[in-house]
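The values are calculated or read from the model by the stated rules, or taken from the named source; none is laboratory data. All values derive from a computational prediction rather than experimental measurement. So basically every Cβ, Gly included, is an ideal-geometry build from the backbone, and we count neighbours across all protein chains shown. Heavy atoms of the whole protein, side chains included, go into the accessibility calculation; ligands, DNA and RNA do not. Shrake-Rupley method; radii C 1.70, N 1.55, O 1.52, S 1.80 Å.
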Amino acid sequence: MRWNRVRLAAAAAAVVALAAGCSTSSGSSATGGSTAAAGAPKKGGALTIIYQNEVTSLDPTANTTASGAGSLPYYAIYDALFTLGAGKGTVTPKIGQSLTANSSQTVWTLKLQPGVKFSDGTPYDAAAVEFNWARDKAPTSAIASAAAIIKSMNVVNATTLQVTLTAADSSFDRTVAQQLLFIGSPAAIKKEGASFGTRPIGAGAFILSSWVRNSQKTFTANPHYYQPGRPYLSKLVISIIPDESQGATALKTGQGNYMYTQDGSVISQLKAAGMQAAITTTPGSPNIAFNNKKAPFDDPSIRKAVMEAINVKQMAKVNNTFVPVSQPFPSGSPYNFGLSWPAYNQANAQQLFNAYAAAHGGPVTFTIQGFQDPVTGKNLGFIQAALGQFKNVKVNITTVAASTAISNVFTGNYQASAWGAPWYTPADLYIYLSPGQQLNVYKFSNPAVTSALASARATGDQSAQNADYRTVVQNMVSNVPFFNFGMNQCAGLYSSSVHNVKLFYDGYPFMEDIWVG
């Protein structure tokens, strides 16, 4: 399981998805998060992607976000209305041509590309989007909180949908690109009912032809795909290999020709073995989620103490699993505001631990939950060892299956957990820091933050938004709702036969553009 953005993948179990928005760094023969091959693309051939995480359902209502390890097959099946681009996380058109607001930010108009069809031949039109977004609002939907902002919808014509919101929201387009982007065939949803999650129909470049759980998904090219001449591949296989080292071996021995990973040591190993690489980094992830409603993390001084107790630069150097960060937004970002997370300070951390122990009659005691993967193991091992150097602190580490870990976090049955909450702009923080949002798993509630996020959403004025965003970031670094210690490296490693790899958002490739030969 990766340390990036996490999403619920169906009611009971869910898949951790770890990562998100990416600023690009180059890998071997990779520039700008992509590689371009010389010569004309070739049609046909197969791509086998080695992938770490299985999902329990491929129904869009079972996937809470656009990004992360659980979403790759969704992109293959459904494509997307919009995506967030690698680098700055800008909203990028796909099947959706545009999404624009009126002056009050209360009514948005969606324009679709004309003539798009689902793989069953039925039209991907405004009525289809309306049907899906209405379905997303159901209480059983994992994206209900995202869709709840929609008050009403009006199908203007086949390619135009007018959406009226319950309140002004200047970042609704980002909500669509992150959480409401996957649209299924209404005809197939009505026909399949509860089975749609295993027999999904979308308008993506590929059609699911078989699914052996915890082994592989096999796809064929969609003959109705809306981009002429694409996909180039005739077959796509997503091979599930949870262990990163086994996945790397499988790639080197030809059992696959592409691997998605966020483990820096695996990236280095495969590049040294001669694999091509396209690499991005993920702002906002990984992090340690603190349950702000449970002791000891209901006390902000202990959240701060844990952050000050860990030398994240040394952790990154030792583990080679992430890029260390010291600020919510990096230097050069318009949202930096000169604000930093609490810095590594052993003396101050010890004072805070001592004060808590004196006030509560005993040491600070807590358990950090982790996922059963090597990256999480390395990072939690370092954190436990670092905290073990302090007096008045007792830390336990427990690793559990992904479905159990995610269920624990979403139900609040945890003290601290490996997690992730990626963001490009302060607007993206709304889903993590606002009461009532499904991804506010931290149980964080701060009137100043809630008010500022709501105020920023209610206006399209950038200067007014920046004043609110400064309030949000200031409260983040003061209250430390979670321990954001780094950015994940999101990478595609692949053999020399794979060409035209272009990454977006979470380090995922545009699979319709890839060709082999």
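Annotations
- Unique residue being modelled with pLDDT of 95 or more and farther than 23 Å from Lys317 by Cα when the list is Ile241, Ile201: Ile201
- Scanning segment 249-283 for residues that are over 21 Å from Asp513 (Cα atoms) and touching a strand residue (DSSP E or B) at 6+ places or on another chain (Cβ under 7 Å) gives Ala250, Gln262, Gly264, Ile267, Leu270, Lys271, Thr281, Thr282, Pro283.
- Residue that is nearest to Pro426 (Cα to Cα), among those in segment 321-342 that are open to solvent by 70 Å² or more (accessible area, probe 1.4 Å) and not hydroxyl-bearing (Ser, Thr, Tyr): Pro334
- Selection within segment 219-239: residues that are of a type in the set (Val, Ile, Thr) and either surrounded by 18 or more Cβ atoms within 10 Å (Cβ to Cβ) or touching a helix residue (DSSP H, G or I) at 6+ places or on another chain (Cβ under 6 Å) (or both). The member of this set that is farthest from Val516 (Cα to Cα) is Ile238.
- The single condition among (1) more than 27 Å from Ala277 (Cβ to Cβ); (2) open to solvent by less than 10 Å² (accessible area, probe 1.4 Å); (3) part of a strand (DSSP E or B) that Val129 does not satisfy is (3).
- Qualifying helices (runs of 4 or more DSSP H) (wholly inside segment 242-320; at least 2 residues being closer than 24 Å to Gln384 by Cβ and open to solvent by 20 Å² or more (accessible area, probe 1.4 Å)): 300-309, 312-319
- Top-ranked residue of segment 137-168 - restricted to ones that are outside any strand (DSSP E or B) and hydroxyl-bearing (Ser, Thr, Tyr), ranked as least open to solvent (accessible area, probe 1.4 Å): Ser141
- The numbered conditions (1) part of a helix (DSSP H, G or I); (2) under 30 Å from Pro426 (Cβ atoms); (3) in contact (Cβ under 8 Å) with a residue 60 or more places away in the chain are all true for Tyr356 except (2).
- The number of residues in segment 488-502 that are open to solvent by 20 Å² or more (accessible area, probe 1.4 Å) and closer than 30 Å to Tyr432 by Cα comes to 2.
- Residues considered: Thr281, Thr253, Thr321. Of these, the only one that is in contact with an Asp or Glu (Cβ under 9 Å, 6 or more places away or on another chain) and not aliphatic (A, V, I, L, M) is Thr321.
- Subset of segment 391-437 (residues that are within 20 Å of Gln465 (Cβ to Cβ), of a type in the set (A, V, I, L, M, F, W, C) and in contact with a Leu (Cβ under 6 Å, 6 or more places away or on another chain)): Trp423, Ile431
Results for (1) crowded, with 18+ Cβ neighbours inside 10 Å; (2) of a type in the set (A, V, I, L, M, F, W, C), shown as yes or no for each residue.
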position	(1), (2)
Ala46	no, yes
Tyr78	yes, no
Phe82	yes, yes
Ile95	yes, yes
Thr122	no, no
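- The numbered conditions (1) open to solvent by 30 Å² or more (accessible area, probe 1.4 Å); (2) in contact (Cβ under 8 Å) with a residue 40 or more places away in the chain; (3) among the aliphatic types (A, V, I, L, M) are all true for Ala134 except (2).
- Filtered by the rule that a residue be closer than 18 Å to Ala187 by Cβ and not in a loop (DSSP other than H, G, I, E, B), segment 111-126 gives Leu112, Lys117, Pro123, Ala126.
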